[in-house]
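All remarks here apply to the structure that follows.
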Amino acid sequence: MFKDLVLANRSYRGFDESRTITKEELLDLVGLARCTPSGANNQPLKYRLVYQHDEVETVVANTKWAAMLPQLTIPHDGKHPTAFIVVCVDTAICAAPANCQADVGIASQTMLLGAAEKGLGGCMIANFKKDAMAELLHLPEGIVPTLVIALGKPDEKVVIVDAEGSTKYYRDEADVHYVPKRKVEDLVID
């Protein structure tokens with residue numbers, strides 16, 4: 001069921017490093033993204049695939065994870081993702097990358113749902129230095145990285161709980177990750 005796929009699609013920050021992800025698997029996810037809606041059908045997104053170990057570790061080192069848990073180093077050593085898809089905007093198509101955020105969100109969520117269907121998981125990361133990432137990945141001029149999607153086989157437990165005030169995620173002493181979500185009745189405007 002689609003609901004099961006949505007519930008399996010959590011923001012994972014711990015992965016089984018023994019399960020690598022191939023270029024072909026990443027291309028399959030990009031193939032899903034290419035079929036998604038795009039504002040005015042401009043299709044301004046480009047994707048940089050990162051799946052070679054050294055390059056993956058470079059991206060890990062240049063992203064900031066779990067800002068609400070500054071006391072922790074996440075991902076933990078030995079729990080790094082094994083691939084990334086860096087979602088970029090081609091400024092020759094969309095001069096202002098901020099105007100393409102709906103496209104970025106739709107394409108990224110679609111790829112993560114596709115990953116969940118494959119038994120994989122991921123995490124969208126917006127906390128990185130765009131210029132540095134573009135340089136590290138040798139992106140052509142005019143290709144601006146806007147979102148980094150970490151991918152791998154999940155190796156942590158993520159639990160959704162009802163929000164009782166705060167929506168700040170947290171971890172317990174067993175390193176279980178809890179994500180408070182507002183209740184449906186708190187979301188619907190009568």
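The values are calculated or read from the model by the stated rules, or taken from the named source; none is laboratory data. Model, not experiment: these values are computed from the prediction. Cβ placement follows ideal geometry from the backbone for every residue including glycine, while neighbour counts extend to all protein chains displayed. Each accessible area value is taken on the protein alone, full model and side chains, heavy atoms only, with ligands, DNA and RNA left out. Shrake-Rupley method; radii C 1.70, N 1.55, O 1.52, S 1.80 Å.
Assess whether Leu72 counts as being under 19 Å from Asp155 (Cβ atoms) and open to solvent by 30 Å² or more (accessible area, probe 1.4 Å). Judged against the criteria, Leu72 is a match. Of all residues in the stretch 133-153, those being open to solvent by less than 40 Å² (accessible area, probe 1.4 Å) and closer than 19 Å to Glu57 by Cβ number 10. Count of the stretch 105-144 residues, restricted to those that are farther than 22 Å from Cys35 by Cβ and part of a strand (DSSP E or B), is 4. Entry remark, the stretch 161-180: residues being loosely packed, with under 13 Cβ neighbours inside 10 Å and assigned to a strand (DSSP E or B) number 4 in total. Confirm whether Cys94 is touching a Cys at 6+ places or on another chain (Cβ under 8 Å), surrounded by 16 or more Cβ atoms within 10 Å (Cβ to Cβ) and assigned to a loop (DSSP other than H, G, I, E, B). In short, yes. State yes or no: is Ala66 among the hydrophobic types (A, V, I, L, M, F, W, C) and buried (at least 18 other Cβ atoms within 10 Å of the Cβ)? When the stated conditions are applied, Ala66 passes them. Scanning the stretch 96-120 for residues that are closer than 14 Å to Ile85 by Cβ and in contact with a Gly (Cβ under 7 Å, 6 or more places away or on another chain) returns Leu112, Ala115, Leu120.
When the stretch 76-91 is limited to residues that are more than 11 Å from Val148 (Cβ to Cβ) and out of contact with any Phe, Trp or Tyr (no Cβ under 6 Å at 6 or more places or on another chain), the one that is surrounded by the fewest Cβ atoms within 10 Å (Cβ to Cβ) turns out to be Asp77. Of the residues making up the stretch 53-91, those that are outside any helix (DSSP H, G or I) and either small (Gly, Ala, Ser) or over 21 Å from Gly14 (Cβ atoms) (or both) are Ala66, Ala67, Gly78, Ala83, Val87, Cys88, Val89, Asp90, Thr91.
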